[in-house]
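Structure record follows, encoded as C-alpha coordinates.
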Amino acid sequence: MSTETLPRPFDVDAGWRLHPQVSIRPERFGALLYHFGTRRLSFLKSPTLLDVVRALDSQPSARTACLAAGVAAAEIPTYTRALATLAQSSMICEWTGE
Amino acid sequence: MTALATPGPGVGSLVDQFQLGLDAPICLTWELTYACNLSCVHCLSSSGRRDPRELSTAECKAVIDELERMQVFYVNIGGGEPTVRPDFWELVDYATEHHVGVKFSTNGVKITPEVARRLAASDYVDVQISLDGASAEVNDAVRGSGSYATALRAMHNLADAGFTGFKISVVMTRHNIAQLDEFQAIADRFDAQLRITRLRPSGRGADVWDELHPTAAQQRELYDWLCAGGEQVLTGDSFFHLSGYGEALPGLNLCGAGRVVCLIDPVGDDYACPFAIHDNFLAGNVRDAGGFTTVWRESELFTELRRPQSGGACTSCSAFDSCRGGCMAAKFFTGLPLDGPDPECVKGNADAALLDVAAGTAPKPSADHSRARSRPVPVPVSIGLRPVQRAAPERACDENPLAGFAPSPAG
(Lines give C-alpha, C1' and ligand atoms only; values in the text may rest on other atoms or scores of the structure.)
Protein backbone atom coordinates (compact mmCIF):
# COMPACT_ATOMS: atom_id res chain seq x y z
CA MET A 1 0.00 0.00 0.00
CA SER A 2 2.59 2.55 1.05
CA THR A 3 5.68 1.02 -0.51
CA GLU A 4 6.08 3.28 -3.52
CA THR A 5 9.49 4.32 -2.25
CA LEU A 6 12.17 1.65 -2.28
CA PRO A 7 13.59 0.86 1.13
CA ARG A 8 17.00 2.43 1.57
CA PRO A 9 19.72 1.06 3.80
CA PHE A 10 19.68 2.65 7.24
CA ASP A 11 22.04 5.64 7.35
CA VAL A 12 23.64 5.66 10.79
CA ASP A 13 25.30 9.00 10.04
CA ALA A 14 22.04 10.77 9.26
CA GLY A 15 19.99 12.54 11.89
CA TRP A 16 16.99 10.58 13.23
CA ARG A 17 14.04 11.55 15.39
CA LEU A 18 11.32 9.70 17.24
CA HIS A 19 8.15 9.91 15.15
CA PRO A 20 5.85 12.55 16.69
CA GLN A 21 2.98 10.04 16.95
CA VAL A 22 5.06 7.54 18.93
CA SER A 23 4.82 7.13 22.71
CA ILE A 24 7.44 5.44 24.85
CA ARG A 25 6.73 3.47 28.02
CA PRO A 26 9.87 2.44 29.92
CA GLU A 27 9.90 -1.15 31.22
CA ARG A 28 12.42 -3.17 33.19
CA PHE A 29 13.49 -4.96 29.98
CA GLY A 30 13.76 -1.75 27.96
CA ALA A 31 10.60 -0.09 26.70
CA LEU A 32 7.36 -0.41 24.83
CA LEU A 33 6.80 1.85 21.85
CA TYR A 34 3.40 2.52 20.37
CA HIS A 35 2.75 4.34 17.11
CA PHE A 36 -0.68 5.94 17.20
CA GLY A 37 -0.69 6.42 13.43
CA THR A 38 0.19 2.91 12.30
CA ARG A 39 -1.23 1.41 15.53
CA ARG A 40 1.81 -0.80 15.85
CA LEU A 41 3.61 -1.80 18.97
CA SER A 42 7.35 -2.34 19.26
CA PHE A 43 9.57 -3.52 22.05
CA LEU A 44 12.99 -2.13 22.86
CA LYS A 45 14.78 -5.09 24.30
CA SER A 46 17.37 -3.25 26.37
CA PRO A 47 17.58 -0.15 28.55
CA THR A 48 20.61 0.99 26.53
CA LEU A 49 18.59 0.88 23.31
CA LEU A 50 16.00 3.05 25.06
CA ASP A 51 18.77 5.53 25.95
CA VAL A 52 19.86 5.54 22.30
CA VAL A 53 16.32 6.23 21.06
CA ARG A 54 15.89 9.00 23.62
CA ALA A 55 19.22 10.55 22.59
CA LEU A 56 18.21 10.74 18.90
CA ASP A 57 16.31 14.02 19.27
CA SER A 58 19.30 15.91 20.61
CA GLN A 59 22.00 14.31 18.49
CA PRO A 60 23.07 15.13 14.93
CA SER A 61 23.26 11.46 13.92
CA ALA A 62 22.26 7.98 15.03
CA ARG A 63 25.94 7.22 15.52
CA THR A 64 26.48 10.07 17.95
CA ALA A 65 23.25 9.10 19.72
CA CYS A 66 24.70 5.62 20.27
CA LEU A 67 27.94 7.04 21.61
CA ALA A 68 26.06 9.48 23.85
CA ALA A 69 24.13 6.55 25.31
CA GLY A 70 27.37 4.78 26.14
CA VAL A 71 27.42 2.23 23.34
CA ALA A 72 30.95 1.03 22.56
CA ALA A 73 32.07 1.68 18.98
CA ALA A 74 32.32 -2.07 18.33
CA GLU A 75 28.68 -2.52 19.29
CA ILE A 76 27.33 0.17 16.98
CA PRO A 77 26.45 -2.29 14.17
CA THR A 78 24.16 -4.20 16.56
CA TYR A 79 22.35 -1.01 17.54
CA THR A 80 22.23 0.09 13.91
CA ARG A 81 20.27 -3.08 13.07
CA ALA A 82 17.81 -2.36 15.87
CA LEU A 83 17.38 1.25 14.72
CA ALA A 84 16.90 0.10 11.13
CA THR A 85 13.99 -2.07 12.29
CA LEU A 86 12.48 0.92 14.06
CA ALA A 87 12.91 3.03 10.93
CA GLN A 88 11.20 0.39 8.80
CA SER A 89 8.13 0.51 11.01
CA SER A 90 8.21 4.35 11.07
CA MET A 91 8.86 4.47 14.82
CA ILE A 92 11.78 6.78 14.05
CA CYS A 93 12.15 8.97 10.98
CA GLU A 94 14.99 10.67 9.24
CA TRP A 95 15.55 14.28 10.26
CA THR A 96 15.62 16.37 7.13
CA GLY A 97 16.70 19.50 8.95
CA GLU A 98 13.86 21.92 8.38
CA MET B 1 -1.80 -7.05 19.35
CA THR B 2 0.53 -6.54 16.48
CA ALA B 3 3.95 -6.69 17.92
CA LEU B 4 7.38 -6.26 16.50
CA ALA B 5 10.43 -6.91 18.58
CA THR B 6 13.62 -5.14 17.68
CA PRO B 7 16.49 -7.53 17.12
CA GLY B 8 19.89 -7.08 18.59
CA PRO B 9 20.83 -6.26 22.15
CA GLY B 10 18.52 -7.98 24.55
CA VAL B 11 18.12 -9.18 28.09
CA GLY B 12 16.41 -12.57 28.04
CA SER B 13 13.44 -13.34 25.86
CA LEU B 14 10.46 -11.01 25.82
CA VAL B 15 8.15 -13.94 26.39
CA ASP B 16 9.99 -14.72 29.63
CA GLN B 17 9.70 -11.07 30.66
CA PHE B 18 5.99 -10.97 29.88
CA GLN B 19 5.27 -14.17 31.83
CA LEU B 20 6.36 -12.24 34.92
CA GLY B 21 3.85 -9.48 34.21
CA LEU B 22 4.25 -5.74 33.68
CA ASP B 23 3.30 -2.77 35.89
CA ALA B 24 0.54 -1.93 33.43
CA PRO B 25 -1.14 -3.96 30.72
CA ILE B 26 0.16 -3.51 27.18
CA CYS B 27 -3.42 -3.22 26.10
CA LEU B 28 -6.68 -4.35 27.55
CA THR B 29 -10.14 -5.29 26.49
CA TRP B 30 -12.92 -3.17 27.88
CA GLU B 31 -16.45 -4.28 27.35
CA LEU B 32 -18.60 -1.20 27.79
CA THR B 33 -22.03 -2.80 27.87
CA TYR B 34 -23.73 -6.15 27.87
CA ALA B 35 -26.47 -4.68 25.68
CA CYS B 36 -26.47 -5.89 22.10
CA ASN B 37 -28.82 -5.73 19.15
CA LEU B 38 -27.60 -9.17 18.06
CA SER B 39 -27.36 -12.45 19.93
CA CYS B 40 -24.53 -14.30 18.24
CA VAL B 41 -24.52 -17.97 19.14
CA HIS B 42 -20.85 -17.89 20.21
CA CYS B 43 -20.85 -14.60 22.16
CA LEU B 44 -17.92 -14.67 24.61
CA SER B 45 -19.70 -12.46 27.11
CA SER B 46 -23.21 -13.96 26.73
CA SER B 47 -24.41 -10.46 25.89
CA GLY B 48 -27.90 -9.27 25.14
CA ARG B 49 -29.37 -7.19 27.95
CA ARG B 50 -27.77 -4.19 29.58
CA ASP B 51 -26.76 -4.75 33.19
CA PRO B 52 -28.20 -2.10 35.53
CA ARG B 53 -24.89 -1.99 37.42
CA GLU B 54 -22.88 -0.93 34.34
CA LEU B 55 -20.29 1.81 34.90
CA SER B 56 -21.61 5.36 34.57
CA THR B 57 -20.07 7.91 32.23
CA ALA B 58 -18.16 9.47 35.13
CA GLU B 59 -16.89 6.08 36.30
CA CYS B 60 -15.73 5.22 32.77
CA LYS B 61 -13.86 8.54 32.57
CA ALA B 62 -12.17 7.78 35.89
CA VAL B 63 -10.99 4.45 34.45
CA ILE B 64 -9.63 6.27 31.39
CA ASP B 65 -7.76 8.67 33.71
CA GLU B 66 -6.14 5.66 35.37
CA LEU B 67 -5.23 4.11 32.04
CA GLU B 68 -3.59 7.38 31.01
CA ARG B 69 -1.56 7.47 34.23
CA MET B 70 -0.51 3.85 33.68
CA GLN B 71 0.42 4.65 30.05
CA VAL B 72 -1.84 2.01 28.57
CA PHE B 73 -1.49 2.96 24.90
CA TYR B 74 -4.85 1.70 23.73
CA VAL B 75 -7.95 -0.18 24.73
CA ASN B 76 -9.91 -2.69 22.70
CA ILE B 77 -13.47 -1.67 23.33
CA GLY B 78 -16.18 -4.22 22.83
CA GLY B 79 -19.34 -5.49 24.43
CA GLY B 80 -22.11 -6.29 23.80
CA GLU B 81 -22.41 -3.71 21.08
CA PRO B 82 -20.50 -0.74 22.53
CA THR B 83 -21.93 1.83 20.12
CA VAL B 84 -25.42 1.43 21.58
CA ARG B 85 -24.26 3.16 24.77
CA PRO B 86 -25.57 6.72 24.53
CA ASP B 87 -22.23 8.08 25.81
CA PHE B 88 -20.09 5.92 23.50
CA TRP B 89 -18.71 8.75 21.34
CA GLU B 90 -18.19 10.94 24.38
CA LEU B 91 -16.05 8.20 25.94
CA VAL B 92 -14.11 7.63 22.73
CA ASP B 93 -13.32 11.35 22.53
CA TYR B 94 -12.39 11.46 26.19
CA ALA B 95 -10.00 8.51 25.79
CA THR B 96 -8.21 9.90 22.75
CA GLU B 97 -7.92 13.36 24.36
CA HIS B 98 -6.21 11.58 27.24
CA HIS B 99 -3.73 9.70 25.06
CA VAL B 100 -5.49 6.36 25.28
CA GLY B 101 -6.03 5.09 21.75
CA VAL B 102 -9.24 3.25 20.95
CA LYS B 103 -9.91 0.20 18.84
CA PHE B 104 -13.51 -0.76 19.02
CA SER B 105 -15.35 -3.81 17.80
CA THR B 106 -18.79 -3.38 16.35
CA ASN B 107 -21.31 -5.27 14.31
CA GLY B 108 -21.66 -2.07 12.29
CA VAL B 109 -25.17 -1.12 13.32
CA LYS B 110 -24.28 2.51 14.11
CA ILE B 111 -21.65 3.09 11.42
CA THR B 112 -23.65 5.52 9.30
CA PRO B 113 -21.99 7.59 6.55
CA GLU B 114 -21.74 10.50 8.98
CA VAL B 115 -20.11 8.41 11.74
CA ALA B 116 -17.75 6.88 9.16
CA ARG B 117 -16.57 10.37 8.10
CA ARG B 118 -15.95 11.29 11.70
CA LEU B 119 -13.96 8.10 12.31
CA ALA B 120 -11.92 8.63 9.16
CA ALA B 121 -10.83 12.01 10.51
CA SER B 122 -9.29 10.59 13.69
CA ASP B 123 -5.80 9.11 13.89
CA TYR B 124 -6.46 7.66 17.29
CA VAL B 125 -9.50 5.50 16.63
CA ASP B 126 -9.52 2.16 14.87
CA VAL B 127 -12.56 0.10 13.98
CA GLN B 128 -13.11 -3.64 13.80
CA ILE B 129 -16.20 -4.85 12.03
CA SER B 130 -17.20 -8.35 13.09
CA LEU B 131 -18.03 -10.78 10.30
CA ASP B 132 -18.15 -14.53 10.78
CA GLY B 133 -18.95 -15.64 7.26
CA ALA B 134 -17.82 -14.46 3.82
CA SER B 135 -21.39 -15.02 2.68
CA ALA B 136 -24.68 -14.00 4.29
CA GLU B 137 -25.62 -17.64 4.65
CA VAL B 138 -22.60 -18.62 6.73
CA ASN B 139 -22.44 -15.34 8.67
CA ASP B 140 -26.09 -15.02 9.56
CA ALA B 141 -26.30 -18.60 10.85
CA VAL B 142 -23.96 -17.51 13.64
CA ARG B 143 -24.62 -13.78 14.02
CA GLY B 144 -28.30 -13.57 13.16
CA SER B 145 -30.48 -12.66 10.22
CA GLY B 146 -29.48 -9.44 8.44
CA SER B 147 -26.14 -9.10 10.24
CA TYR B 148 -24.09 -9.71 7.08
CA ALA B 149 -25.88 -6.87 5.30
CA THR B 150 -25.36 -4.58 8.32
CA ALA B 151 -21.62 -5.34 8.43
CA LEU B 152 -21.17 -4.84 4.68
CA ARG B 153 -23.05 -1.54 4.77
CA ALA B 154 -20.74 -0.34 7.55
CA MET B 155 -17.69 -1.34 5.49
CA HIS B 156 -19.03 0.53 2.46
CA ASN B 157 -19.59 3.61 4.60
CA LEU B 158 -16.06 3.45 6.03
CA ALA B 159 -14.49 2.94 2.61
CA ASP B 160 -16.57 5.76 1.09
CA ALA B 161 -15.38 8.06 3.89
CA GLY B 162 -11.78 7.23 3.02
CA PHE B 163 -11.11 5.15 6.16
CA THR B 164 -8.53 2.66 4.93
CA GLY B 165 -7.03 -0.09 7.01
CA PHE B 166 -10.01 -0.72 9.25
CA LYS B 167 -10.19 -4.29 10.47
CA ILE B 168 -12.55 -7.05 9.47
CA SER B 169 -12.66 -9.37 12.45
CA VAL B 170 -13.54 -13.01 11.93
CA VAL B 171 -13.93 -15.79 14.49
CA MET B 172 -12.82 -18.97 12.74
CA THR B 173 -15.36 -21.79 12.80
CA ARG B 174 -15.93 -25.11 11.13
CA HIS B 175 -18.16 -23.33 8.60
CA ASN B 176 -15.90 -20.48 7.54
CA ILE B 177 -12.36 -21.92 7.45
CA ALA B 178 -12.98 -22.85 3.81
CA GLN B 179 -13.72 -19.13 3.16
CA LEU B 180 -10.32 -17.74 4.20
CA ASP B 181 -9.49 -16.56 0.68
CA GLU B 182 -12.93 -15.00 0.32
CA PHE B 183 -12.48 -13.08 3.59
CA GLN B 184 -9.16 -11.80 2.29
CA ALA B 185 -10.87 -10.73 -0.95
CA ILE B 186 -13.48 -8.77 1.03
CA ALA B 187 -10.71 -7.05 3.00
CA ASP B 188 -8.87 -6.21 -0.23
CA ARG B 189 -12.05 -4.84 -1.79
CA PHE B 190 -12.43 -2.30 1.04
CA ASP B 191 -8.71 -1.63 1.50
CA ALA B 192 -9.19 -3.08 4.97
CA GLN B 193 -7.13 -5.53 6.98
CA LEU B 194 -8.24 -9.05 7.83
CA ARG B 195 -8.13 -10.10 11.47
CA ILE B 196 -8.93 -13.69 12.35
CA THR B 197 -9.24 -15.06 15.86
CA ARG B 198 -9.87 -18.33 17.57
CA LEU B 199 -13.32 -19.53 18.62
CA ARG B 200 -13.41 -20.01 22.40
CA PRO B 201 -15.76 -22.17 24.46
CA SER B 202 -16.53 -19.07 26.55
CA GLY B 203 -19.90 -17.45 27.24
CA ARG B 204 -22.49 -18.81 24.82
CA GLY B 205 -19.54 -20.23 22.87
CA ALA B 206 -19.62 -23.16 25.30
CA ASP B 207 -23.00 -24.18 23.92
CA VAL B 208 -21.89 -24.33 20.31
CA TRP B 209 -18.26 -25.34 20.79
CA ASP B 210 -18.78 -28.96 19.79
CA GLU B 211 -20.56 -27.99 16.58
CA LEU B 212 -18.46 -24.98 15.59
CA HIS B 213 -14.85 -25.48 16.62
CA PRO B 214 -12.61 -26.38 13.68
CA THR B 215 -11.83 -30.02 12.99
CA ALA B 216 -8.24 -31.22 13.27
CA ALA B 217 -7.91 -31.13 9.47
CA GLN B 218 -9.25 -27.57 9.39
CA GLN B 219 -6.79 -26.46 12.06
CA ARG B 220 -4.00 -27.72 9.82
CA GLU B 221 -5.55 -25.92 6.83
CA LEU B 222 -5.69 -22.69 8.83
CA TYR B 223 -2.09 -23.05 10.02
CA ASP B 224 -0.84 -23.70 6.47
CA TRP B 225 -2.83 -20.71 5.20
CA LEU B 226 -1.32 -18.45 7.86
CA CYS B 227 2.21 -19.69 7.17
CA ALA B 228 1.82 -19.31 3.41
CA GLY B 229 0.32 -15.87 3.16
CA GLY B 230 -0.72 -14.69 6.56
CA GLU B 231 1.94 -12.01 7.03
CA GLN B 232 -0.58 -9.23 6.56
CA VAL B 233 -3.30 -10.97 8.54
CA LEU B 234 -3.80 -10.02 12.18
CA THR B 235 -4.54 -12.85 14.58
CA GLY B 236 -4.56 -11.21 18.01
CA ASP B 237 -1.86 -13.85 18.60
CA SER B 238 -4.76 -16.17 19.32
CA PHE B 239 -3.56 -19.24 17.44
CA PHE B 240 -0.38 -19.91 19.36
CA HIS B 241 -1.64 -23.42 20.15
CA LEU B 242 -1.15 -24.14 16.41
CA SER B 243 2.59 -23.50 16.62
CA GLY B 244 2.79 -27.09 17.90
CA TYR B 245 2.70 -28.00 14.17
CA GLY B 246 6.25 -26.73 13.81
CA GLU B 247 7.07 -23.19 12.82
CA ALA B 248 5.88 -20.58 15.35
CA LEU B 249 3.34 -18.14 13.94
CA PRO B 250 4.21 -14.43 13.86
CA GLY B 251 3.38 -12.58 17.06
CA LEU B 252 3.75 -13.12 20.73
CA ASN B 253 2.91 -16.83 21.14
CA LEU B 254 2.05 -16.65 24.79
CA CYS B 255 -0.95 -16.41 27.03
CA GLY B 256 -0.92 -12.84 28.31
CA ALA B 257 -3.83 -13.28 30.71
CA GLY B 258 -3.29 -11.18 33.84
CA ARG B 259 0.33 -10.66 32.78
CA VAL B 260 0.16 -8.22 29.85
CA VAL B 261 -3.58 -8.13 29.07
CA CYS B 262 -6.87 -8.34 30.95
CA LEU B 263 -10.57 -7.59 30.66
CA ILE B 264 -12.67 -4.89 32.29
CA ASP B 265 -16.31 -5.89 31.96
CA PRO B 266 -19.31 -3.52 31.81
CA VAL B 267 -19.87 -3.57 35.57
CA GLY B 268 -16.18 -2.89 36.23
CA ASP B 269 -15.15 -6.46 37.06
CA ASP B 270 -11.56 -7.23 36.10
CA TYR B 271 -10.92 -10.66 34.64
CA ALA B 272 -7.64 -12.20 33.53
CA CYS B 273 -8.74 -12.19 29.89
CA PRO B 274 -11.82 -11.60 27.71
CA PHE B 275 -12.37 -15.33 27.37
CA ALA B 276 -12.48 -16.05 31.08
CA ILE B 277 -15.62 -14.47 32.49
CA HIS B 278 -15.83 -16.73 35.52
CA ASP B 279 -15.34 -16.16 39.26
CA ASN B 280 -12.15 -18.22 39.16
CA PHE B 281 -10.55 -15.56 36.95
CA LEU B 282 -12.04 -12.49 38.63
CA ALA B 283 -9.29 -10.33 40.15
CA GLY B 284 -11.31 -7.38 41.45
CA ASN B 285 -13.39 -4.42 40.37
CA VAL B 286 -12.46 -0.92 39.24
CA ARG B 287 -14.86 0.38 41.91
CA ASP B 288 -12.72 -1.21 44.67
CA ALA B 289 -10.49 1.06 46.77
CA GLY B 290 -7.35 1.71 44.75
CA GLY B 291 -9.20 1.24 41.48
CA PHE B 292 -7.97 -0.68 38.48
CA THR B 293 -4.32 0.12 39.21
CA THR B 294 -4.40 -1.76 42.50
CA VAL B 295 -6.28 -4.69 40.99
CA TRP B 296 -3.70 -4.94 38.21
CA ARG B 297 -0.67 -4.60 40.45
CA GLU B 298 -1.73 -6.28 43.68
CA SER B 299 -4.63 -8.67 43.21
CA GLU B 300 -4.03 -12.20 44.42
CA LEU B 301 -5.14 -13.74 41.13
CA PHE B 302 -2.89 -11.66 38.86
CA THR B 303 0.04 -12.11 41.24
CA GLU B 304 -0.50 -15.86 41.07
CA LEU B 305 -0.70 -15.84 37.25
CA ARG B 306 2.67 -14.06 37.11
CA ARG B 307 4.41 -16.81 39.04
CA PRO B 308 6.05 -19.55 37.00
CA GLN B 309 3.29 -21.91 35.89
CA SER B 310 3.47 -25.66 35.80
CA GLY B 311 3.11 -27.14 32.34
CA GLY B 312 1.95 -30.38 33.94
CA ALA B 313 1.56 -33.22 31.50
CA CYS B 314 2.59 -30.93 28.63
CA THR B 315 6.17 -30.31 29.77
CA SER B 316 7.36 -33.63 28.33
CA CYS B 317 5.94 -32.75 24.88
CA SER B 318 8.30 -31.63 22.13
CA ALA B 319 5.96 -28.76 21.21
CA PHE B 320 5.66 -27.28 24.70
CA ASP B 321 8.19 -24.50 24.13
CA SER B 322 6.16 -23.15 21.23
CA CYS B 323 2.56 -23.71 22.33
CA ARG B 324 3.05 -23.50 26.12
CA GLY B 325 0.02 -25.65 26.71
CA GLY B 326 -2.39 -23.42 24.80
CA CYS B 327 -5.30 -21.34 26.05
CA MET B 328 -6.25 -21.30 29.73
CA ALA B 329 -9.87 -20.36 29.05
CA ALA B 330 -10.31 -23.04 26.38
CA LYS B 331 -9.13 -25.67 28.84
CA PHE B 332 -11.22 -24.35 31.70
CA PHE B 333 -14.53 -24.16 29.87
CA THR B 334 -14.12 -27.60 28.31
CA GLY B 335 -13.55 -29.08 31.76
CA LEU B 336 -9.84 -29.83 31.27
CA PRO B 337 -7.13 -29.25 33.89
CA LEU B 338 -5.27 -25.93 33.44
CA ASP B 339 -1.87 -27.62 33.54
CA GLY B 340 -2.67 -30.06 30.74
CA PRO B 341 -3.13 -29.80 26.97
CA ASP B 342 -5.43 -27.39 25.15
CA PRO B 343 -8.69 -29.04 23.94
CA GLU B 344 -7.50 -28.36 20.38
CA CYS B 345 -3.95 -29.63 21.01
CA VAL B 346 -2.54 -30.28 17.54
CA LYS B 347 -0.82 -33.42 18.80
CA GLY B 348 -4.19 -34.81 19.86
CA ASN B 349 -2.99 -34.99 23.47
CA ALA B 350 -6.29 -33.72 24.88
CA ASP B 351 -8.49 -36.22 23.07
CA ALA B 352 -8.47 -38.87 25.80
CA ALA B 353 -8.95 -36.33 28.60
CA LEU B 354 -11.90 -34.74 26.77
CA LEU B 355 -13.64 -38.12 26.64
CA ASP B 356 -13.29 -38.35 30.42
CA VAL B 357 -15.05 -35.02 31.04
CA ALA B 358 -18.56 -36.06 32.04
CA ALA B 359 -21.33 -34.33 30.13
CA GLY B 360 -22.48 -31.15 31.84
CA THR B 361 -19.56 -30.93 34.28
CA ALA B 362 -17.50 -28.26 32.50
CA PRO B 363 -17.68 -24.92 34.39
CA LYS B 364 -20.30 -22.41 33.27
CA PRO B 365 -19.71 -18.67 32.88
CA SER B 366 -20.52 -16.68 36.02
CA ALA B 367 -22.76 -14.17 34.29
CA ASP B 368 -25.33 -14.48 31.55
CA HIS B 369 -26.92 -11.43 29.95
CA SER B 370 -28.58 -13.31 27.10
CA ARG B 371 -32.03 -12.11 26.21
CA ALA B 372 -34.76 -14.48 27.19
CA ARG B 373 -35.73 -16.69 24.32
CA SER B 374 -39.34 -17.12 23.46
CA ARG B 375 -39.99 -20.69 24.30
CA PRO B 376 -42.97 -22.42 25.82
CA VAL B 377 -42.95 -22.23 29.58
CA PRO B 378 -44.94 -24.86 31.46
CA VAL B 379 -47.63 -23.31 33.63
CA PRO B 380 -48.18 -25.17 36.89
CA VAL B 381 -51.91 -25.55 37.50
CA SER B 382 -52.06 -28.19 40.17
CA ILE B 383 -53.54 -27.20 43.48
CA GLY B 384 -52.10 -28.22 46.80
CA LEU B 385 -48.88 -29.98 47.57
CA ARG B 386 -47.10 -31.92 44.92
CA PRO B 387 -43.50 -32.85 44.29
CA VAL B 388 -41.67 -29.88 42.81
CA GLN B 389 -40.40 -30.78 39.37
CA ARG B 390 -37.71 -28.79 37.74
CA ALA B 391 -37.00 -29.28 34.09
CA ALA B 392 -33.34 -29.33 33.17
CA PRO B 393 -32.42 -26.19 31.23
CA GLU B 394 -32.65 -26.67 27.50
CA ARG B 395 -29.20 -25.21 27.05
CA ALA B 396 -26.50 -24.28 29.49
CA CYS B 397 -27.03 -20.55 29.02
CA ASP B 398 -30.71 -20.81 29.89
CA GLU B 399 -29.69 -21.44 33.47
CA ASN B 400 -30.91 -18.54 35.61
CA PRO B 401 -30.05 -17.52 39.18
CA LEU B 402 -33.24 -19.07 40.51
CA ALA B 403 -32.75 -22.38 38.76
CA GLY B 404 -32.66 -25.12 41.33
CA PHE B 405 -34.40 -22.95 43.89
CA ALA B 406 -37.29 -25.08 45.10
CA PRO B 407 -39.32 -23.46 47.83
CA SER B 408 -40.09 -25.93 50.49
CA PRO B 409 -43.80 -26.84 50.55
CA ALA B 410 -43.62 -26.78 54.33
CA GLY B 411 -42.72 -23.06 54.19
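The values are calculated or read from the model by the stated rules, or taken from the named source; none is laboratory data. Just so we're clear, the structure is a prediction, and the values are computed from it rather than from any experiment. FYI the Cβ positions are ideal-geometry reconstructions off the backbone, even for glycines, and counts take in every protein chain you see. Calculation scope for accessible area: heavy atoms of the full protein, side chains included, ligands and nucleic acids excluded. Shrake-Rupley method; radii C 1.70, N 1.55, O 1.52, S 1.80 Å.
For A:ARG81, indicate whether it is of a type in the set (Lys, Arg) and in contact with a Ser or Thr (Cβ under 9 Å, 6 or more places away or on another chain).
In short, yes.
So B:GLY229 passes all but one of these: (1) within 14 Å of chain A (Cβ to nearest Cβ); (2) surrounded by fewer than 20 Cβ atoms within 10 Å (Cβ to Cβ). Which condition number does it fail?
Every listed condition holds for B:GLY229 apart from (1).
Which fully enclosed helices (runs of 4 or more DSSP H) of the stretch B:280-333 have 1 or more residues being under 12 Å from B:CYS345 (Cα atoms)?
Passing ranges, in order: B:320-323, B:328-333.
For B:GLU211, which of the numbered conditions (1) surrounded by fewer than 20 Cβ atoms within 10 Å (Cβ to Cβ); (2) touching an Asp or Glu at 6+ places or on another chain (Cβ under 6 Å) fails to hold?
(2)
Mind checking whether some residue in the stretch A:63-75 is surrounded by fewer than 16 Cβ atoms within 10 Å (Cβ to Cβ), touching a residue at least 12 places away in the same chain (Cβ under 8 Å) and closer than 25 Å to B:GLN17 by Cα?
Yes, the conditions are met somewhere in the stretch A:63-75.
Pick from B:PRO82, B:PRO52: which is within 23 Å of B:VAL170 (Cα to Cα), free of Cβ contacts under 8 Å to residues at least 60 places away in the same chain and away from every other protein chain (no Cβ under 14 Å)?
Unique residue meeting the criteria: B:PRO82.
Give the stretch B:310-344 a look and list any residue that's crowded, with 19+ Cβ neighbours inside 10 Å and polar (S, T, N, Q), or say none.
Hit for the stretch B:310-344 is B:THR334, nothing else.
Among A:VAL71, A:VAL12, which is the only one that is in contact with a Ser or Thr (Cβ under 7 Å, 6 or more places away or on another chain), at pLDDT 95 or above and away from chain B (no Cβ under 12 Å)?
On the way: A:VAL71 fails: away from chain B (no Cβ under 12 Å).
Within the list A:VAL71, A:VAL12, the selection yields A:VAL12.
State all residues of the stretch A:76-93 that are open to solvent by 20 Å² or more (accessible area, probe 1.4 Å) and more than 8 Å from chain B (Cβ to nearest Cβ); if no residue qualifies, say none.
Residues of the stretch A:76-93 open to solvent by 20 Å² or more (accessible area, probe 1.4 Å): A:77-78, A:80-81, A:84-85, A:87-88, A:90, A:93.
Of everything in the stretch A:76-93, those that are open to solvent by 20 Å² or more (accessible area, probe 1.4 Å) and more than 8 Å from chain B (Cβ to nearest Cβ) turn out to be A:PRO77, A:THR80, A:ALA84, A:ALA87, A:GLN88, A:SER90, A:CYS93.
For the stretch B:12-23, which positions are more than 7 Å from chain A (Cβ to nearest Cβ), in contact (Cβ under 8 Å) with a residue 60 or more places away in the chain and closer than 13 Å to B:ARG306 by Cβ?
B:PHE18, B:GLN19, B:LEU20, B:GLY21, B:ASP23, listed by residue number.
What is the number of the single condition among (1) open to solvent by 10 Å² or more (accessible area, probe 1.4 Å); (2) within 28 Å of B:SER122 (Cβ to Cβ) that A:VAL53 does not meet?
Answer for A:VAL53: the failing condition is (1).
For the stretch A:33-60, how many residues meet the condition of being within 11 Å of chain B (Cβ to nearest Cβ) and either within 21 Å of B:VAL15 (Cα to Cα) or in contact with a strand residue (DSSP E or B) (Cβ under 6 Å, 6 or more places away or on another chain) (or both)?
16
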